[in-house]
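Notes for the one structure printed next.
The values are calculated or read from the model by the stated rules, or taken from the named source; none is laboratory data. Everything quoted here is computed from the prediction, not taken from an experiment. Ideal geometry is used to build each Cβ from the backbone, glycine not excepted, and the neighbour counts take in all protein chains shown.
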């Protein structure tokens, strides 16, 4: 073999070997579309319009068979009261199932209730909360048996037949969105009313909210009016620093709301 | 090498093989991961049907849809509602879930208690929230013991129409 031929064939061999196998693969457009589903559910919460009526909590518990008398809930509403002498009070009595019908702040079983002088109230507002259905959820990562998972359309669900009730996911959720179900004895959480949204219905809480504080959208559909708000308005998420990429977006977040 | 080295090794290998065999037998073949990969979505894919098949209770009766569905029979009640006031409240918030109504249940349970009204109409001194727009009362002072609906019409709450 001449030296020139040797060089030529070496270069051809190197060039050929550097082509990755995946570059030669024929890509079916249908497969690409299937890998990127058209639907990814997201939630938008407007804290300016919430009045703390708690109809969302009532509707959620009714729709999803969560016992009223148990102090657990898939969604809840928090009240934030800032006083003029720079104190902050936060409560959510019974997850706001019956709304906020007392001006007293519920400080828990040990401290009881605290009445705040109306003249001392600086600002106050209500924040509805629910599972954020994170894009990188810490709760599904820690499950030791593969009982909780993220669906392709972006909802985090729990497999009740497979959950062993270890409670690891309840600990791992930075938002406290999970709880132990008192009837089924497994971890339970908001499902975005999966049985409703897959039938084209609104979630129970969105339907029940009289003030439009809760909205839901398909964030992959840029023509959806709610998606447009998320894309164009100034929205925030809770606990961004945890890196779980929450999919519940808030209008009017304060730094105390976490 | 002597058997005291090999023997525990065989025990460990046997255990590993046994666990793998048990796993293959016990874990259903429908397990797999979806778009979010093994880390976030390793699960039994049949479970999706369980959540899709949960019973629906609420028929969406928001501001628009109450006209479409409830208005078919209860046109008068839907008509009397003032769109700027209680018209924003879904019918089912007070009348209860109505998916199969009027077949089952034929009559809906209507929540006429004070607590329903007090959810929004409790006087709270929060001038910076939306509460400032809603008239509020102190439940202990404002006709305690009486039902709100004894005097107020919940479908048309205007005081001048009382």
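Odds and ends about this structure:
- Residues of the range B:54-71 satisfying the condition of being farther than 26 Å from residue A:246 by Cα, without any contact (Cβ under 8 Å) to a residue 40 or more places away in the chain and touching a helix residue (DSSP H, G or I) at 6+ places or on another chain (Cβ under 9 Å): B:55, B:60, B:61, B:62, B:63, B:65, B:66, B:67, B:70, B:71
- Where a residue in the range B:28-48 is over 19 Å from residue A:142 (Cα atoms) and more than 8 Å from every other protein chain (Cβ to nearest Cβ) and its partner, wherever it lies, is assigned to a strand (DSSP E or B) and modelled with pLDDT of 90 or more, with Cβ under 8 Å and at least six apart: B:28/B:44; B:30/B:44
- Counting only residues that are within 13 Å of chain A (Cβ to nearest Cβ), farther than 16 Å from residue A:210 by Cβ and part of a loop (DSSP other than H, G, I, E, B), the range B:104-119 holds 3 of them.
- Strands (runs of 3 or more DSSP E) enclosed by the range A:70-155 - at least 3 residues per element that are surrounded by 14 or more Cβ atoms within 10 Å (Cβ to Cβ) and in contact with a helix residue (DSSP H, G or I) (Cβ under 9 Å, 6 or more places away or on another chain): A:76-83, A:121-129, A:148-150
- Qualifying positions in the range B:120-135 - part of a helix (DSSP H, G or I) and surrounded by 21 or more Cβ atoms within 10 Å (Cβ to Cβ): B:120, B:121, B:131
- So residue A:210, is it more than 19 Å from residue A:59 (Cβ to Cβ) and more than 17 Å from the chain's Cα centre (by Cα): no
- Count of the range A:160-197 residues, restricted to those that are crowded, with 18+ Cβ neighbours inside 10 Å and at the interface with chain B (Cβ under 9 Å from one of its Cβ atoms), is 6.
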